Amino acid sequence: MNYNASIRGKRQRIVTVLDIGTSKVCCLVGKTTVLPDWAEGGGEAVQFDVLGFGHTRAEGLKAGMVTHLDTAEQCIRAAVDAAERMAGVVVEDVHLSVTAGRLKSDSFSAGVGLPSGSVREDDVQRLLAGGRQYAARDRRTVIHALPTNFRLDDNGGIAEPRGMCGERLSVDLHTVTADEAATRNLMLCVERCHLGVANLVAAPYASALSVVTPDEAKLGVANIDFGAGTTTLSVIADGHFLHADAIALGGNGVTIDIARTLGAPVEHAERLKTLHGSAFATLSDEREIITYPCVSGIAQGNIHQITKAQLACVIRPRVEEILDLMRHRLAASGFPAEVAQHLVLTGGGSQLTGLVELASNMFGRPARLGRPRVMTGLPQAAAAPDFSAAIGLLLHWARGDEKLGTETGQRFLRTGTGYFARVGEWFMDNF
């Protein structure tokens, strides 16, 4: 079934997404805009008008994981309330990004016999449900179970098998899972705000949806999202989302390095990084002097100085460490180099001067800075790489399986005093 086609038959819908990160909580409220049939050839069938936007500084969260339930709840309430007031709507449920829980990608094949001699809808659903059930072992929550290739008997490369004849249907699945406890606590925190969780989306996938072009998705691209507490990786090739990974190290690590090395307050270290930070030092940087205060209590009131070149020398080792970890994670994924011929860098940390050039040198392939897709009504403040994942959540809902692929079927998850059950159990009940 064509998911976009099913949307065209409906009235306009209001969709709310929530991106919970280490440094900020962002909420977007969008209204679907369905294009006429004659316009389909020029772009996507479903687009969004952004009605509401709210974001607040994140507290009670670390690397996308809840560390203090009450504090995190207050941050989520503030972001959602701001978006509701701007949009003039009451939000009931949200599509939620997931970064925590040791995201893990798996690829495997599953098969099922065809007693009727042709592929029926229940055959496809039975096959996909079995694959999801297998992925949910070891107390893992299945976030995505994406078919990348169907096979009928010995014939592969089938995109849509329904209605075709054969004796056995097989599928290659890419699944993304996370630790059950981390996702459960994240959902519980959202539900304490009297919000339902309509869907979970891996943050690396959401980021890629907002910054990767169709040509890049076809030829092969690796997307690296530099967040405050985490850096995530996603690989897309042949129009399919093939791999996801994440490390609990991001821009905050650079800030702490600056604060510790210079003895500066953390907020001033962040300001130094944002305004003057660079991955490379130039000759002119040797002559540019930057002033900063020292940590209160050490020599309060004193002003220290550092050159811009010296600041770059503090920043570069941590940035190289993050890029090196991502390079090794990409190599460990098992994909040949040609699968990810290009790099796209996004996220708040990607705006560091010289980072794109450093990444290109370290990975040995072209790299560019990825900015999220422009949407009608989107405030200028939300058009920066910091908000790639939030915008990608809207695109995930709209695009279905047509281009980069999304989950097959929708599910509603609840925790706490609701009906939380492991995703694997849900699949078992519906198998």
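The values are calculated or read from the model by the stated rules, or taken from the named source; none is laboratory data. A quick note: this is a predicted structure, and the numbers were derived from the prediction, not measured. Glycine gets a Cβ as well: all are built from the backbone with ideal geometry, and neighbour counts include every protein chain shown. Each accessible area value is taken on the protein alone, full model and side chains, heavy atoms only, with ligands, DNA and RNA left out. Shrake-Rupley method; radii C 1.70, N 1.55, O 1.52, S 1.80 Å.
From Cα pairs below 8 angstrom and at least 6 apart in sequence, can you work out the relative contact order of the chain, rounded to a whole percent?
19
Heavy atoms only, probe 1.4 angstrom, no DNA, RNA or ligands counted: give me Cys165, Cys75 ranked by accessible area, highest first.
Of Cys165, Cys75, the descending order of accessible area is Cys165, Cys75.
Whose amide H sits under 5 Å from the amide H of Ser118, counting only residues 5 or more places off or on another chain, with H placed in the peptide plane?
Amide H neighbours of Ser118: Gly166.
Loop-only check: which GluC sites (Glu not before Pro) in segment 130-199 are DSSP coil with at most 11 other Cβ within 10 angstrom?
For GluC sites (Glu not before Pro) across segment 130-199 that sit outside H, G, I, E and B with at most 11 neighbouring Cβ atoms in 10 Å, the list reads Glu167.
Below 8 Å between Cα atoms, with a sequence gap of 6+, how large is the relative contact order for segment 145-279 in percent?
Relative contact order comes out at 14 percent.
Determine, from the Cβ-Cβ distance of Glu167 and Glu338 and an R0 of 41 Å, the FRET efficiency 1/(1 + (r/R0)^6), rounded to the nearest 0.05.
0.75
What spacing in nm lies between the two simple spin-label points modelled at Leu69 and Leu325, each 7 Å away from Cα in the Cβ direction?
2.9
Subtract the Cα-Cα distance of Arg365 and Asp93 from 0.36 nm times their separation in residues, and report this length gain in nm to one decimal.
So the chain would gain 93.8 nm between Arg365 and Asp93.
Label segment 222-303 by shape, choosing from rounded, prolate and oblate, from the square roots a ≥ b ≥ c of the eigenvalues of the Cα gyration tensor; if a/c is under 1.5 it is rounded, and otherwise prolate applies when a/b is larger than b/c, oblate when it is not.
In terms of gyration-tensor shape, oblate.
Please list 3J(HN,Hα) in residue order for segment 179-190, calculated via the Karplus relation 6.51 cos²θ - 1.76 cosθ + 1.60 where θ = phi - 60°; whole Hz, with x for glycine and proline.
The phi angles translate into 4, 4, 4, 5, 5, 5, 5, 5, 5, 4, 4, 5 Hz.
Fully extended, how many nm does the chain gain between Thr274 and Glu357 (0.36 nm per residue separation, minus their Cα-Cα distance)?
Length gained between Thr274 and Glu357: 28.1 nm.
How many angstrom lie between the C-alpha centres of segment 203-274 and segment 49-91?
That distance is 21 Å.
Using a 1.4 Å probe on the protein chains only, how many percent of the accessible area of segment 191-343 belongs to carbon and sulfur?
Accessible surface attributable to carbon and sulfur in segment 191-343 totals 54 percent.
Can you tell me which of 286-293, 221-228 comes out highest on packing, and rank the rest after it, using the mean Cβ neighbours within 10 Å?
221-228, 286-293
For segment 254-355, what is the convex hull (Cα atoms) projected area averaged across all directions, in square nanometres?
One quarter of the hull surface, i.e. the mean projection, equals 7.5 nm².
Once phi is turned into θ = phi - 60°, what whole-Hz ³J(HN,Hα) does the Karplus curve with 6.51, -1.76 and 1.60 give for every residue of segment 19-32, x standing for Gly and Pro?
10, 9, x, 6, 9, 8, 10, 10, 10, 10, 10, x, 10, 5
For the peptides 363-372, 231-240, what is the packing order when you average, over each peptide's residues, the other Cβ atoms within 10 Å and list the highest mean first?
231-240, 363-372
Once the Cα atoms of helix 388-399 and of the chain are each reduced to a long axis, what angle between those two axes, in degrees from 0 to 90 to the nearest 10, is obtained?
10
Give, in nm to one decimal, the length gained when the segment between Ser109 and Ala384 is fully stretched (0.36 nm per residue of separation minus the Cα-Cα distance).
Contour length minus Cα-Cα distance gives 95.2 nm.
Which far-off residues, 5 or more places away or on another chain, put their amide H under 5 Å from the one on Leu242, with H placed in the peptide plane?
Those qualifying (amide H under 5 Å, at least 5 residues apart or on another chain) are Val235, Ile236, Ala237.
Over the chain, what portion of Cα pair distances is larger than 32 Å, expressed as a whole percent?
Within the chain, distances greater than 32 Å cover 39 percent of Cα pairs.
Rounded to the nearest 500, what is the chain's calculated 222 nm mean residue ellipticity when only DSSP H runs of at least 4 contribute -39500 (n - 2.57) each, over all residues?
-10500 deg cm²/dmol
Per residue, how much accessible area does the chain show when a 1.4 Å probe rolls over the protein heavy atoms, in square angstrom?
Accessible surface, normalised per residue, equals 45 Å².
Show which aspartates and glutamates lie in cross-link reach of Lys308 when reach means a straight Cα distance below 19 angstrom and same-chain residues fewer than eight apart are skipped.
Within reach: Asp257, Glu267, Glu270, Asp285, Glu286, Glu288, Glu320, Glu357.
Spelling out what I want: for every residue of segment 315-326, take phi, set θ = phi - 60°, compute 6.51 cos²θ - 1.76 cosθ + 1.60 (Karplus), and round to whole Hz; glycine and proline get x.
Running phi through 6.51 cos²θ - 1.76 cosθ + 1.60 with θ = phi - 60° gives 6, 4, x, 5, 5, 5, 4, 4, 5, 5, 4, 5 Hz.
For the chain, find the longest principal axis of its Cα atoms and tell me its angle to the long axis of helix 69-87, 0 to 90°, nearest 10.
For helix 69-87, the angle is close to 80 degrees.
With 26 Å as the limit, write out which pairs from Lys62/Lys104; Lys31/Lys218; Lys24/Lys273; Lys104/Lys218 have Cα-Cα distances beyond it, or answer none.
Violating the 26 Å limit, Cα to Cα: Lys31/Lys218.
Order these peptides, 184-190, 277-283, by their mean beta-carbon neighbour count within 10 angstrom, highest first.
184-190, 277-283
State the percent of C-alpha pairs, over all pairs in segment 195-235, separated by a distance greater than 17 angstrom.
Percent of Cα pairs beyond 17 Å in segment 195-235: 37.
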